[in-house]
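One structure is given below, encoded as structure tokens.
The values are calculated or read from the model by the stated rules, or taken from the named source; none is laboratory data. On a predicted model such as this, the values are computed, not experimentally measured, just so you know. Cβ atoms come from the backbone with ideal geometry, glycine included; neighbour counts cover every protein chain shown.
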Amino acid sequence: MSPQEQLVENAVKAKAKPARIQLAHGAGGQLTDELVKSHVLPRLGNDVLNELLDAAIIDPQHGSLAMTIDSFVVRPWKFPGGDIGRLAICGTINDLAVSGAKPAGIALAMILAEGLPISVMDDILDSVSTAAKEAQVQIVTGDTKVVGHDQADGIFLITAGVGRIPARRTLGPAQVKPGQVLVINGPIGEHGLAVMMARELPEAQLTVKSDVAPLNGLIDAAFSAVPNAIAFLRDPTRGGLAGVCSDLARQCGFRIILDEAAIQVRPEVRSAAEIFGLDPLDIANEGKVVMAVSERVARRLVAALRAHPLGRDAAIIGRVDTAEDGICELQTLIGGRRIVQKAHGEEPPRIF
């Protein structure tokens, strides 16, 4: 190997495994995966944690419980369509709901920076209360800490949630098989771009509104419409639709084929994505859920979703193919095909 080739190889290795934490480690892409798999799981891994689900399934032999925890560091704390308080509650509710659980209670911790106006804290707590009532769940415990004014961006929130999973409800990539189709409840990319526009271009006339919403009611309606027919649920937050579908293909071992013509992107979202040079497939959502379901009941499921306020634009967007290669592929508008991969980690951070 020549010295030049050795330098290139060393540079690639340095990029793949950085020696220090980078902002991109929190973006939900390949760098996040590498951090978890190379550093967290070797030290903390167990049968439950190793599944890396949005919510852990605890003691399935004795009436399953689901448990999840998340932290929210969004900047700015308020954006079109929501704020950090609504985001925290909806994010926690949705992680429980996509595990098949019915939320039972939420714990809320606040890290407040010295100098934060109390009126801002009150506004955020009002938003927490409104979102919790919308999801029909209570805040049952919490904690508060205050740090120096230079140690945090005003306010950070940490939430944990617990829910109960009904008997005989089994979801996950292992349940995904050829012949199933993928359904989503509406257009993609709205949350991530709403936050980025509020932060980077606050004076822009192009307004994108976050889709942040609690999905447990919509998911309950889905299970009622097609009981025992849903194989997989996931909310496409960090990493967007591309992240969920590429992960699903890798985990189930079958090819996932997405139909670009069926994936809805609102015009204002597409325009904003072009401004930032982003693919809407990679952008975070906070009010969307991807479902894998048998093709024979898919239309019934779509009809049930469209009858709910959060599912009026529900559509079938892809299918599970027989090819056992674990690839996610996009069938493009012009008739071609391209591989869909999870982003490396370049998406602008701090939108969760």
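Structural remarks
- Taking each residue of the stretch 301-325 that is in the same structural domain as G186 (by TED's automatic domain parsing) and under 20 Å from S210 (Cα atoms) and looking for partners that are part of a loop (DSSP other than H, G, I, E, B) and basic (K, R) with beta-carbon atoms closer than 7 Å, six or more apart or interchain, yields R306/R312.
- When each of P178, P187 is tested for being in contact with a Ser or Thr (Cβ under 7 Å, 6 or more places away or on another chain), closer than 22 Å to L301 by Cβ and at pLDDT 95 or above, the lone residue that passes is P178.
- Scope the stretch 143-199; condition part of a strand (DSSP E or B) and among the β-branched types (V, I, T); matching residues: T144, V146, V147, I155, I158, T159, V162, V181, V183, I184
- Test: residue in the stretch 291-305 that is part of a helix (DSSP H, G or I), of a type in the set (V, I, T) and at pLDDT 95 or above: yes
- Tally of residues being surrounded by 15 or more Cβ atoms within 10 Å (Cβ to Cβ) and among the aliphatic types (A, V, I, L, M) across the stretch 318-336: 4
- Some residue of the stretch 127-144 being farther than 24 Å from P309 by Cα and without any contact (Cβ under 8 Å) to a residue 12 or more places away in the chain: no
Every residue, every condition in (1) in contact with a His (Cβ under 8 Å, 6 or more places away or on another chain); (2) assigned to a loop (DSSP other than H, G, I, E, B); (3) surrounded by 23 or more Cβ atoms within 10 Å (Cβ to Cβ), yes or no:
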residue	(1), (2), (3)
A204	no, yes, no
P214	no, yes, yes
F223	no, no, no
P227	no, yes, no
A231	no, no, no
G243	no, no, yes
A261	no, no, no
Q264	no, yes, no
I275	no, no, no
